[in-house]
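What follows is calculated from the coordinates using simple rules that are stated; it is not laboratory data. These numbers were taken from a predicted model, which means no experiment stands behind them. All Cβ positions, glycine included, derive from the backbone under ideal geometry; neighbour counts span all protein chains shown.
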Amino acid sequence: MKREKVGKALRLLVPAALFSVFLYIILHEFGHVIVLWSVDADVTDFSIASAHVSYGGGNWTDVSDRWMHLNGMLFPLILAVLYMLLYRREIKNSFYRIFSGFVTLVPFGSLMAWVIIPFFYMSGRTPEGDDVTKFLFNFTHDYPAYLVSIVALLVMIVCIAIAVRKGIPQNFEKEIRTIRNTSQEN
């Protein structure tokens, strides 16, 4: 009986986590594609498996270059905020509650990079090829790198406030507790 309950927990948690990560990757890469289309660049490769977009050409400016690197994080974050605003606390479906928790958590991982990496950038130790690093390379010609951290942290605070107000983390935690308690019985 205990194995059945653990199996049920895994059937809820694993698909919800995998689907939300898969969805994030698609939205992240599509965020880049939106900018590519706006600058008339040719998308030469779009890969979900390796999470990248390749392109050629385009009419680039400093602003479009910044948006190219920012929109990979921003597009899925905006959609996650819209999802949070449409979330219905009273729905009792376990998968809905768990999936909603992951949908709101996954973009925060990406946003956290925008809080932390500017400090590495200021010390000269940044990850090569990262969207944040590429954004900062252009952005810091006009503005200080720490400004990116401040804005990203403020956005995180607002998003967390929305999620808490809508009851997403509370419902997620209730479902996890229910699964854990159910699996410990018997």
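What is the sum of charges, Lys and Arg at +1 and Asp and Glu at -1, for the other residues whose Cβ falls under 13 Å from the Cβ of A163?
Result for the neighbourhood of A163: +3.
Compare the Cα positions of I78, G56, V33 along the charge dipole of region 32-186 (+1 at Cβ of Lys, Arg; -1 at Cβ of Asp, Glu; about the Cα centre) and return the one farthest towards the positive end.
Comparing the listed Cα positions along the dipole, I78 ranks first.
Based on the Kirkwood radius over alpha-carbon pairs, what is the Stokes-Einstein translational diffusion coefficient of region 2-184 at 10 °C with 1.306 mPa s viscosity, in µm²/s?
88 µm²/s
Pairs of alpha-carbon atoms within less than 8 angstrom and 6+ residues apart define the contacts here; what relative contact order does the chain have, in percent?
It comes to 27 percent, rounded to a whole number.
Translational diffusion coefficient, Stokes-Einstein: compute it for region 111-172 using the Kirkwood radius over C-alpha pairs as Rh, at 37 °C and 0.692 mPa s, and state it as an integer in µm² s⁻¹.
Estimated via Stokes-Einstein, D reaches 259 µm²/s.
For the residues E175, E128, what sequence is obtained by ranking on other C-beta atoms within 10 Å, fewest first?
E128, E175
Taking K and R as +1 and D and E as -1, what net charge do the other residues with C-beta under 13 Å from the C-beta of N71 add up to?
-1
Assigning unit charges at the beta carbon (Lys, Arg +1; Asp, Glu -1) and nothing else, what dipole magnitude in debye, to the nearest 20, does the chain show about its Cα centre?
1480 debye
With N denoting the number of residues in region 14-113, provide Rg(C-alpha) divided by 2.2 N^0.38 Å, to two decimal places.
So the Cα radius of gyration is 1.21 times the expected 2.2 N^0.38 Å.
Given the options Y96, A152, F120, identify the residue whose Cα lies farthest towards the positive end of the charge dipole of the chain (+1 on Cβ of Lys, Arg; -1 on Cβ of Asp, Glu).
So the residue we want is Y96.
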